[in-house]
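Take a look at the structure below.
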Amino acid sequence: MYKQILERLLRGILVVIILVLSYFTLKLSINYIFPFIVAFFLAAILNPFVTSIEAKWRIPRSLATLIVISTIFLICTGLLILIITEVIQGTTYLLERMPIYFTSLLEFVESILEDHIFPFYQSITSYFQSLDPSHQATIQENIEKFVTNLADNGTNFLQSSLLQIPEIVGFIPGLLTIFIVVWLATFMIINDWNNLTKKLINLLPKKIHYFFIDFQQGVKKAFSGYLKAQLILILITAILILLGLMLLKVQHALTIALFAALVDLLPLVGTGIIFIPWILFTFITGNYSFSIAISVLYMIVIITRQVIEPKILATSIGINPLLSLIILFITIQVWGIIGVIAAPFILIIAYVLFQSGIFLKLFHFIKG
């Protein structure tokens, strides 16, 4: 009895040690291997298309791989050009309207100064002059300290911001290098996919090989479901924004709706990167009715997305909405903003691992 318990305990400790070592190994090496991990996932997604083109067109696999990768690259480049074009058109329109907006802003600031700031300043000045000289000296000293601290903090902020500019500029070549490495690795993996899979089959035991096949199919199914869910959410967001802007008779409503739908993919920020500055600007310039209208539209978009997103994810991937909420909360607490980006992938991998029965197999291994 005690021997059986001891064996289970040792097997459990072995599993924990392997998991901990795997975690730290991945953590220490992720900065060096993540381009190849991305390339592997891209290759796994694109390989069926390459195989299909190779079989139907009867062309060499390297040519079929080049066609697929070039097509994906051209599509991404076209989308980027479309976004840049829309941004340029929107910026041009904004620059044309800027003198009107600036005049309205100046009139609003002038009215604030005349109605509130100047009377308040005069009342403060009269009250200050009525104080004792010692109190006046104390107040002046505190004001000077506050101004000095404010100037020092502002200077430090500007210096730190300027020092970060070379780092940001230096990050661009590294990003370009990673982009090139990812696509080259993707091309090589797809082109040699059959040989790599054969070697992997020969090296791995049958049980592990079957597990990897199930894992790969599960990831494909879950990831395609996640992409489908995101496309549905983007479409719903674009339609809501387009209809709202058309009701408000806003010019370039389609451009704004498309751009807002694209930035909706950004974690945490989403459509707020467009609507929040827009709401603040219209409020400051005194256009209160329009500010309230687009605030209501923004709230409708946010509430609709928050309500339907768990249901759509659950339907597309097959994951319980409560489980997705729990994993999202944990990843945010552990990794912050990066956790928001990583949460869908962790959710997909955890779901696929659960469906493959790996946790149950580990339990049976520990139990013996």
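Annotations
- At 1.002 mPa s and 20 °C, Stokes diffusion of the range 242-316 via Kirkwood alpha-carbon radius, µm² per second: 162 µm²/s
- If you plug the beta carbon distance of residue 281 and residue 213 into 1/(1 + (r/R0)^6) with R0 = 45 Å, you get a FRET efficiency near 0.25.
- Taking 32 Å as the limit for the C-alpha separation, the pairs 220/249; 3/27; 27/228; 199/221; 198/361; 221/249 exceed it in the case of 220/249; 3/27; 221/249.
- Subtracting the Cα-Cα distance of residue 19 and residue 57 from their residue separation scaled by 0.36 nm leaves 9.1 nm.
Laboratory data are not the source of any read-out in this text; all were calculated from the coordinates shown. Since we're looking at a predicted model, the values are computed, not measured. Cβ sites come from the backbone with ideal geometry, for glycine too, and all protein chains shown count toward neighbours.
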